[in-house]
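A short reminder: the numbers here are calculations on the coordinates, not readings from a lab. Please read these numbers as outputs of a predicted model, since none were measured by experiment. Note: ideal-geometry Cβ built from the backbone for every residue, glycine included; neighbour counts use all protein chains shown.
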Amino acid sequence: MIFLHPKPRNLSKGAKLAALAFLLVIATSPAVVITPIASTKQLISSANNSFSTAIGNFDDYPVLRSYAGEPYVFAKAFLLLDADTNEVISAKNQNLSLPVASTTKMVTALTALQLMSPDDEVVVTNHSTSVPDSNVGLLPGEKLSVLSLLRGALIASGNDATYAIAEAYSQKNGDIKPFVAKMNNYVLDHGLKKTKFFDPAGLDDNGRSTAFELSQIARLLLENPLLSGIVGQRHATISSLNGEYRHEIESSNRLILPDSGYYLPGVLGIKTGFTYAAGHSLVSALEMNGHTYIGVILNTDEYSITASASEMRKLFIWARSSIARQTY
């Protein structure tokens with residue numbers, strides 16, 4: 001049994017007739033059943049957003065092998081997306097609004113590059129160094145580039161780095177509101193109506209999104225060469241502009257760390273997240289046979305620091321054994 005996805009691109013009249021004939025032949029065969037899986041083209045249309053159909057050119061589409069069952073992912077919501085065709089391959093509660101913790105930082109980074117140059121100088125404020133939880137260890141008065149702060153935010157999930165960026169935009173110690181307003185404008189401009197943020201780090205659990213909308217944010221991030229290169233880095237050194245201070249950082253994503261016990265070749269990043277309300281969450285990407293797949297895990301059933309990596313690894317292993325490509 002083969003499950004085929006509906007094609008997500010517009011076809012000429014002749015191509016439509018040819019495709020219809022092809023599907024009728026398959027449908028009358030006793031060995032094949034055609035079962036459309038939720039197409040993100042329909043979801044995108046209903047959201048009235050402006051996503052392109054594909055990141056790059058493609059001639060084939062994902063299909064599930066005959067023996068593929070459902071992935072066993074223990075989380076409140078999850079989703080697996082073909083980043084090329086923008087089709088949802090498998091999902092649970094994909095449109096459920098949930099706190100998303102530090103996965104927020106994907107939008108922080110995308111917004112920062114809209115408003116600033118990577119080479120812009122940022123002076124770290126007293127307030128940004130006092131933000132709790134995951135931090136790079138920035139010092140008050142330290143001067144860094146926006147690029148260095150983006151590395152700190154996306155690789156090490158540094159809350160201090162995100163606040164430093166936000167406060168640099170407002171040019172006022174402790175004032176993040178103008179930057180957060182731009183973050184919310186960014187997602188609305190892309191038709192993401194269920195996503196809203198209240199701070200640049202994801203510490204405020206009133207900030208929410210859905211598995212589907214996070215997959216679209218991740219897709220946008222992967223389209224940006226600078227950011228897609230950052231999220232795949234295992235380690236980095238962040239230095240102040242005068243070279244006085246150096247900060248050694250390591251990725252918070254165990255899937256890309258060879259010694260973590262959860263390492264999986266082909267994983268590209270992207271962003272971890274945790275608060276007590278959001279639970280353990282992860283947005284990641286897998287490169288497989290020349291194609292990119294985006295996974296989203298939100299609020300794992302197991303409450304441990306390795307849970308999101310464990311569940312995402314299961315989802316990607318399922319993808320490796322279950323997904324084939326069909327040329328039309």
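Enumerate the calculated ³J(HN,Hα) couplings along segment 178-191 in order (Karplus 6.51 cos²θ - 1.76 cosθ + 1.60, θ = phi - 60°), each rounded to whole Hz, writing x wherever the residue is Gly or Pro.
After applying 6.51 cos²θ - 1.76 cosθ + 1.60, I find x, 5, 4, 4, 5, 4, 5, 5, 4, 5, 5, 4, 9, x Hz.
Between their Cα atoms, which of Lys92/Lys193; Lys105/Lys143; Lys76/Lys182; Lys76/Lys172; Lys76/Lys314 are more than 27 Å away from each other? Each step should come with its number before you reach the end.
Working: Lys92/Lys193 19 Å; Lys105/Lys143 21 Å; Lys76/Lys182 29 Å; Lys76/Lys172 38 Å; Lys76/Lys314 15 Å.
Lys76/Lys182; Lys76/Lys172, as the Cα separations exceed 27 Å there.
Name the long-range amide H neighbours of Asn135: under 5 Å, sequence gap of 5 or more, or other chain; modelled H, no Pro or chain starts.
Asn159
Can you put Leu150, Leu222, Leu257 in order of Cβ neighbours within 10 angstrom, beginning with the fewest? Mind showing how you got there, number by number?
Numbers: Leu150 26, Leu222 21, Leu257 17.
Final ranking by Cβ density, sparse to dense: Leu257, Leu222, Leu150.
Please report Ser251, Ser97, Ser145 as a ranked list, fewest other C-beta atoms within 10 angstrom at the top and most at the bottom. Write down the numbers at each step before the final one.
Details: Ser251 23, Ser97 14, Ser145 19.
Ordered by Cβ neighbours within 10 Å, fewest first: Ser97, Ser145, Ser251.
How big is the gap, in Å, between the Cα center of segment 209-242 and the Cα center of segment 309-328?
Segment 209-242 and segment 309-328 have Cα centres separated by 22 Å.
Contour minus end-to-end for Asp259 and Lys196, with contour as 0.36 nm per residue of separation and end-to-end as the Cα-Cα distance? Each step should come with its number before you reach the end.
Values: separation 63, 0.36 × 63 = 22.68 nm, distance 3.55 nm.
Computed gain between Asp259 and Lys196 is 19.1 nm.
Label-point separation (nm) for Glu248 and Lys143, each offset 7 Å from Cα along Cα-to-Cβ?
2.7
Fewest to most neighbouring Cβ within 10 Å: what's the order for Ser321, Ser130? Let's see the in-between values first.
Values: Ser321 9, Ser130 12.
In increasing order of surrounding Cβ atoms, one gets Ser321, Ser130.
Please list the equivalent ellipsoid semi-axes of segment 112-189, computed as the square roots of five times the alpha-carbon gyration tensor eigenvalues, in descending order and whole angstrom.
Values: eigenvalues 66, 34, 32 Å².
Result for segment 112-189: semi-axes of 18, 13, 13 Å.
For segment 98-327, what does the relative contact order come out to in percent, with C-alpha contacts under 8 Å and a separation of six or more? Spell out each step's value before the answer.
On the way: 469 pairs, mean separation 45.9, N = 230.
Worked out over segment 98-327, it gives 20 percent.
Search the structure for amide H atoms under 5 Å from the amide H of Ile270, placed 1.01 Å from N in the peptide plane, and list their residues when 5 or more places away or on another chain.
Close amide H contacts, sequence-distant or interchain: Val283, Ser284, Ala285.
Can you list the residues of segment 177-202 with backbone N under 15 Å from a point 7 Å past the Cα of Asp133, pointing along Cα to Cβ?
197-202
How many nm is it between the label spots at Thr237 and Glu302, if each spot is 7 Å from the Cα in line with the beta carbon?
3.6
Provide the per-residue ³J(HN,Hα) series for segment 139-144, in order, calculated from phi with Karplus coefficients 6.51, -1.76, 1.60 and θ = phi - 60°, each as a whole number of Hz, with x at glycine and proline positions.
Using θ = phi - 60°, the values come out as 10, x, x, 5, 10, 9 Hz.
Along the charge dipole of segment 98-327, pointing to its positive end and built from +1/-1 on Cβ of Lys, Arg, Asp and Glu, which listed residue (Ser322, Leu257, Leu110) has its Cα farthest out?
Of the candidates, Ser322 comes out farthest on the positive side.
When Lys and Arg each count +1 and Asp and Glu each count -1, what net charge do the other residues less than 11 Å away from Ala83, Cβ to Cβ, add up to?
On the way: positive: Arg219; negative: Asp82, Asp84, Glu87, Glu223, Glu287.
Once all neighbours under 11 Å are counted, the net charge is -4.
Could you pull out every residue, at least 5 positions away or on a different chain, whose amide H is within less than 5 Å of the one on Met288? Hs are placed 1.01 Å off N in the peptide plane, and Pro or chain starts have none.
Close amide H contacts, sequence-distant or interchain: Tyr293.
Two decimals, Cα atoms only, Kirkwood Rh: what is Rg/Rh over segment 140-289?
Numbers: Rg = 15.7 Å, Rh = 16.4 Å.
Rounded to two decimals, Rg/Rh equals 0.96.
I need the calculated FRET efficiency for the pair Asn95 and Asn289, taking r as the beta carbon distance and R₀ as 25 Å, to the nearest 0.05. Present the calculation step by step, with values, prior to reporting the outcome.
Details: r = 29 Å, r/R0 = 1.15.
Efficiency at R0 = 25 Å is approximately 0.30.
For labels at Val123 and Lys177 in the simple 7 Å Cα→Cβ model, what's the distance in nm?
With each label point 7 Å from Cα toward Cβ, the separation is 2.3 nm.
Taking θ as phi - 60°, what are the ³J(HN,Hα) couplings along segment 311-328 by the Karplus curve (6.51, -1.76, 1.60), each to the nearest whole Hz, with x for Gly and Pro?
Using θ = phi - 60°, the values come out as 5, 5, 4, 4, 5, 6, 5, 4, 4, 4, 8, 10, 9, 10, 10, 10, 8, 9 Hz.
Could you give the distance between the Cα centres of segment 138-167 and segment 74-132, to the whole Å?
Their Cα centres are 15 Å away from one another.
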